[in-house]
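The values are calculated or read from the model by the stated rules, or taken from the named source; none is laboratory data. For clarity, every value in this text was computed on a predicted model and none was experimentally measured. Cβ sites come from the backbone with ideal geometry, for glycine too, and all protein chains shown count toward neighbours. Quick note on the areas: whole protein, heavy atoms, side chains included, nothing else; ligands and nucleic acids left out. Shrake-Rupley method; radii C 1.70, N 1.55, O 1.52, S 1.80 Å.
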Amino acid sequence: MCQEAVFLNSKRIGQRTVALSAPPSVLAFANIGGKFEGQGPLRTQFDELSEDSFFGEKTWEAGESAMQKRVLQLALSKAGLTAAQLDYILAGDLLNQCIGTSFGLRDSQIPLFGLYGACSTMGESLALAAMLIDGGFAARTAALTSSHFCTAERQYRMPVPYGSQRTPTAQWTATAAGCTILGREGPGPYLTHVTCGKIVDKGVTDANNMGAAMAPAAYDTLTAFFRDTGASPRDFDLVLTGDLGVLGHEIVLEFFRRDGIDMSGNYLDCGMLLYDRENQDMHAGASGCGCSASVLNGYLLSGMRSGTWKRILFAPTGALLSPTSSFQGESIPAVCHAVCFSTEK
């Protein structure tokens, strides 16, 4: 066997999981939220909250770009770094051609990998950023993403002024952004494992029921992680999917019940954490790239730093649809990327 193959196989576990030999450290993290995020149960976990949905700009799209630019600045400041000290930025959003990212980061002058994983983008960007560092291709990377309720509604469904009726299974796209700075050395927590998701499509066509469309992908990736590593859900303080909401969360629980595995003790979904569903009219919960990104880069990583949790499996999910595919009657493909955080290498 050639030397390259030996090196590759030393990092691979099973078919889809990578165990990083030099787990990168979280150097810093930051998040930003909008008006409704500031009214939710995690409001104290945000670095900044804005009552202005335009974030000082003339359009909602420019406002989302401003969020991305600002959240990167916040994370860099907390890490004591400048943008020039980053080797790569890995980022994306929900908009066509990822304009929230490209316009928001165009002045950074840092090599950029623009990503589109829909609402799984935080997991995708973290996975690739960590592997760049573990592979020796970078010393420091930034992984970030965002979403905005008004920009997403304008692109995917109806313009906000239309006032269309939302179905009970619909979720509320978070106006939020999150950024994680990873480095070769640091105080932790550390990103130790990556499981790449594959596209799973069970034929769901209802664009207002993302939880049902994405739940099978979440189950597929989590099952692959547990199979590849030999770990079980009980080995983690928390297992979190991205933004499946109430319905998708219950579907994942049921899938694992059929396998004889009870996930109810430590399995949560970021879409159920961001808003107060009893007092905020968010129907099935939160969605959007910024949902899992802001929950991770506030509530979750802060909890790990404070010692509340030692090991977290973070698995955000994304629906890979477009308005064109929906209008053509296409089903909704989905993907889920999982990363493992630990306070120990």
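Ordered from largest to smallest accessible area (heavy atoms of protein chains, 1.4 Å probe), the residues 263, 210 come out as 210, 263.
Over the residues of the chain, the helix contribution to mean residue ellipticity at 222 nm works out to -9500 deg cm²/dmol, using -39500 (n - 2.57) for each DSSP H run of at least 4.
Counted over the chain, the DSSP beta bridges are approximately 65% antiparallel. Selection among 288, 225, 119 by position relative to the dipole of the chain gives 225 as farthest towards the positive end (Cβ unit charges, Cα centre).
Each 5 Å bin from 0 upward holds the following percent of the Cα-Cα pairs of the stretch 6-149: 2, 10, 17, 21, 20, 14, 9, 5, 2, 1, 0. By the combined test of axial Cα extent (at least 18 Å) and Kyte-Doolittle hydropathy (mean at least 0.0), the qualifying DSSP H helices of the chain come to 121-134, 210-229, 245-258.
Under a 5 Å amide H cut-off, with hydrogens placed 1.01 Å from N, residue 332 pairs with 203, 204 among residues at least 5 apart or on other chains. Solvent-accessible area of residue 145, all protein chains in place: 0 Å² (probe radius 1.4 Å, heavy atoms, ligands and nucleic acids excluded).
For the stretch 103-155, the solvent-accessible area works out to 35 Å² per residue, with a probe of 1.4 Å and every protein chain left in place. A Stokes-Einstein calculation at 10 °C with viscosity 1.306 mPa s, built on the Kirkwood radius of the stretch 268-345 over Cα pairs, returns a diffusion coefficient of 109 µm²/s. Work out the length of the dipole vector of the chain about its Cα centre, built from +1 on the beta-carbon of each Lys and Arg and -1 on the beta-carbon of each Asp and Glu, and round it to the nearest 20 debye. For this selection, approximately 560 debye. Taking 18 Å as the straight-line reach from the Cα of residue 345, the aspartates and glutamates in range (excluding those fewer than 8 positions away in the same chain) are 134, 185, 235, 237.
State to the nearest 20 debye the size of the charge dipole of the stretch 5-89 about its Cα centre, where the only charges are +1 on K and R beta carbons and -1 on D and E beta carbons. Taking the Cα centre of the stretch 5-89 as origin, the dipole is about 500 debye.
A crude spin-label estimate for the pair residue 278 and residue 113, with each label 7 Å from Cα along the Cβ direction, gives 4.3 nm. Ranked by solvent-accessible area (1.4 Å probe, protein heavy atoms only, all chains present), the residues 205, 101 order from largest to smallest as 205, 101. Near the amide H of residue 13, within less than 5 Å, lie the amide hydrogens of 18, 19, all on another chain or at least 5 residues away, with H placed in the peptide plane. Extent along the principal axes, Cα only, for the chain: 61, 49, 39 Å, with the longest axis given first.
Ordering 39-50, 244-255 by mean Cβ neighbour count within 10 Å, with the highest value first, yields 244-255, 39-50. Candidate cross-link partners of residue 35 among the lysines, defined by an alpha-carbon separation under 22 Å and a same-chain spacing of 8 or more, comprise 58, 69. Length gained on full extension, residue 257 to residue 234, computed as 0.36 nm times the residue gap minus the Cα-Cα distance: 6.9 nm. The phi-based Karplus calculation (6.51 cos²θ - 1.76 cosθ + 1.60; θ = phi - 60°) puts the 3J(HN,Hα) values of the stretch 300-307 at 6, 5, 4, x, 5, 5, 7, x Hz, whole numbers, x for Gly and Pro.
For residue 244, the amide hydrogen comes within under 5 Å of the amide hydrogens of 270, 271, counting only partners 5 or more places away or on other chains and with H modelled in the peptide plane. With unit charges on the beta carbon (Lys/Arg positive, Asp/Glu negative), name the residue among 100, 74, 33 whose Cα is farthest towards the positive pole of the charge dipole of the stretch 1-150. Of the listed residues, the answer is 74.
Here the stretch 209-341 is treated with +1 on each Lys and Arg Cβ and -1 on each Asp and Glu Cβ, and its dipole about the Cα centre works out to around 380 debye.
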